[in-house]
Structure formats: C-alpha cells, structure tokens
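Heads up, the thing below is written out as structure tokens.
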Amino acid sequence: MNAAWGKSPAIIVRQEDPFNAGPPTDRLVAGEVTPVDLFFVRNHGAVPEVDPAGFRLTVEGRVRRPFHISLGELQRLSRVTVAATLQCAGNRRSELMAVKDIPNELGWGAEAIGTAEWGGVPLREVLSAAEPLPGAGHVALAGLDETERHGERFQFGGSIPLDKAVQPEVLLAWEMNGRPLPPVHGAPLRLVVPGYIGARSVKWLSRIVVQEEPSANYFQAKAYRLFAPGVDHDNVIWEDGLMLGPFNVSSLICAPAPGEMVNAGPVTVRGWAFAGEREVARVDLSTDGGTTWQVADLAPARSRWSWRFWRANLELGPGEHELVCRAWDSAAQTQPEHPAHVWNFKGYMNNAWHRVRLTCL
C-alpha cells in the first residue's frame, strides 16, 4: 500500500483503508521541508479518481458572480508558493488514550505533521472574481472524497471564516514541493489553510460556497470540535463543542527517539515547534521533570507559516533520563504539563509537554 501511494517503506501505517500514515518522528527533523514520500496522510474515505482534464471548481453561494473554473484556467492565474506546516488535530492522540480510552478514533502517535512548499493561487483571487455579497461570513468547502458516518454517506467538507479565506497565505494548491500534487494528497486541487487544523485544508476540492454561517458538513458541525472533559458519546451536545480552527502552540522531541540508548556525556536533542496563527518565541528543555529548564537554540522559520526547528546540547550522566520540552508562542502562551489536563473524548489538540525517556551508557 505504501508503494501504491508513493510512500516510503519507513512510513508508519495507522490504517490501511482508508489510508492513514505518517513518518517516524526522527525523519521529521531531517529537513525543513518534508519529502512527499514521508508526508503524513489523513483520509476519511477512499482516494477518489479525478480526471484533471474534466475537472471544474464551482464557486457559488452569497456571491454576485457564481462560476465554474477549470484547472487549466486556475493555473493561468498568478501562481505563488507558501511554505506551510499542516498538522492533524488528532496528532499525539495516543498520549490522551493512555490517560483514558478514546474509542473509534485513530491512534496517532506524533507523526501527523509535515511541512511542504505548496504552489497554487491565493483563494482570495477566486473569491474576488465571485464578489461576495454583504452578510457573507464563511467559506464552505466540499471535497470529492466520500465517507460514511452514522449510516449516511456524504462528501468530506468544512469551512473557514471569510476573514481568513481572503488572507494571502490561503491557497488553492496544485503543487507540492515543486511537483504536481499527488492523488493521495488531494490532486488535482486542494485548499491549504496555514495555521489551521489540517481538516480545514480540504483535499480534492470541488466546490466553494460563500455563506453566512459555518458549514453544516459533519466534519465541521460535529467531528472537529473540542469538548469539556466530562463529555462523551453518551451525553454530548454537538453544538456545545468549540469549533476547531487555529492550532495551539506545541513542540516535540524528535531525536533521540523514545527508548534510544546513547553515550553518556554531551547529548544533542532536536525537535520542532509550531504555533499555528502565532509565531514560536522560545523552546525550553528539562531533565528534572520541569523543576529547571534550559532554553534551546531556535532555527529561523522557513516562512511565517512553517514550524521552527530547535536544538539543545545536554550533559547527561549514565542511566535513565526523561527529557521534557515545551514551547512558548508570541502571545506568551505555553503548553500544559500533562495530557490529562487536556483530555477530551475526541482526542484533539493535545499539546502537553512532550516527554522522551532514553538510556545513557
């Protein structure tokens, strides 16, 4: 299956059908841009077969000029590139599952994140041509992939606020890392919404509807919401959940890997930090459970919308050690100490301190 989707044999497959997979975390810090064969895949249904020649994007709703546009016509508009990090809202769900069971959700480790150079046209150019009418507040998006929930079949969809949709970083993308977008990543056309959860970057995009309210699609109205700790499948009121959009600040130790054995003495620790709509301001490392901290060296971000790599040199003696990292963003917000503090029954937005145990010889 990996080869069928152009993926590396090293990729970790969480689900075969639909295909969901991501790379070992040490591969994430090999370069600022994640190779396509290692870029994570989050699918809710089968990958649709789309003929690029016959493809048309529909733009409609509360607009003065609804229209259809072909891929070729889109590609004749002013192409731009944006380096942007995408992350699944369920990344690091396995840590929440260790606190309390989360049934019927994919058990992601820390691999559901990646950064690519996306090429396409800003969504605002297409919206400008359609001329949104007064009262428009949201842009609803529908893909061509089908899924089934609660006995109903429908296409994946979602929405973003119009204020975000008209920002220059939001792209209708047909390229990934300088090459045509692969089918498993949404070819022939996908949306890329930097700073937002990956679910809003709708793949196999076929329809844009400008409207007053957020999308009524299941994946906007119900699935991707954040609920209080006492809520579960038995007592949930879907409308009470927080509708997910911008990502929170988070960071990860990618090397050394969990359980790795290294030589005692100087140990180089590397990882990433990401803050969604905000910027990463600092990353701290601790070897004593958070009593004391060492500030890591931050590399420059490739773009305003991409993760930042960090590095720290620690002096570690023989024996077992637990390394802990936390990031701070440009609003002086940081990460909670433990996954139990952010547990929710859907398993979203886990940004607790990341911990790695290793042994020094």
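The values are calculated or read from the model by the stated rules, or taken from the named source; none is laboratory data. All of these numbers come straight from a predicted model, not from anything done at the bench. Backbone-built Cβ (ideal geometry, glycine too); neighbour counts: all protein chains shown. Just the protein is used for accessible areas: all its heavy atoms, side chains included, with ligands, DNA and RNA removed. Shrake-Rupley method; radii C 1.70, N 1.55, O 1.52, S 1.80 Å.
Rolled with a 1.4 Å probe across the full set of protein chains, the surface gives Leu298 an accessible area near 50 Å². By the helix-only formula, in which each DSSP H run with n ≥ 4 contributes -39500 (n - 2.57) and the sum is divided by residues, the chain has a 222 nm mean residue ellipticity of -1500 deg cm²/dmol.
Rolling a 1.4 Å probe across all protein chains gives Phe247 an accessible area of roughly 20 Å². Between Ala98 and His68, what FRET efficiency follows from the Cβ-Cβ distance if R0 is 45 Å, with the result rounded to 0.05? Here the calculated transfer efficiency is 0.40.
The alpha-carbon of Lys203 sits under 21 angstrom from the alpha-carbons of these lysines, leaving out residues fewer than 8 places away in its chain: Lys7, Lys164, Lys222. Based on C-alpha pairs under 8 angstrom that are at least 6 apart in sequence, the chain has a relative contact order of 17 percent. By accessible area, using a 1.4 Å probe on protein heavy atoms only, the chain has 49% of its surface on carbon and sulfur.
Secondary structure note: in the chain, about 90% of the DSSP beta bridges are antiparallel.
For the Cα trace of the range 230-336, dividing Rg by the Kirkwood Rh returns an Rg/Rh value of 1.09.
In the context of the full protein assembly, Tyr348 retains an accessible surface of approximately 10 Å², using a probe radius of 1.4 Å and ignoring ligands and nucleic acids.
Each of Trp238, Ser330, Asn344 was placed along the dipole of the range 206-361 (beta-carbon charges, centred on the mean Cα), and the one lying farthest toward the positive end is Ser330. Computed on protein heavy atoms with a 1.4 Å probe, the accessible areas place Asp284, Asp240 in the order Asp240, Asp284, largest first.
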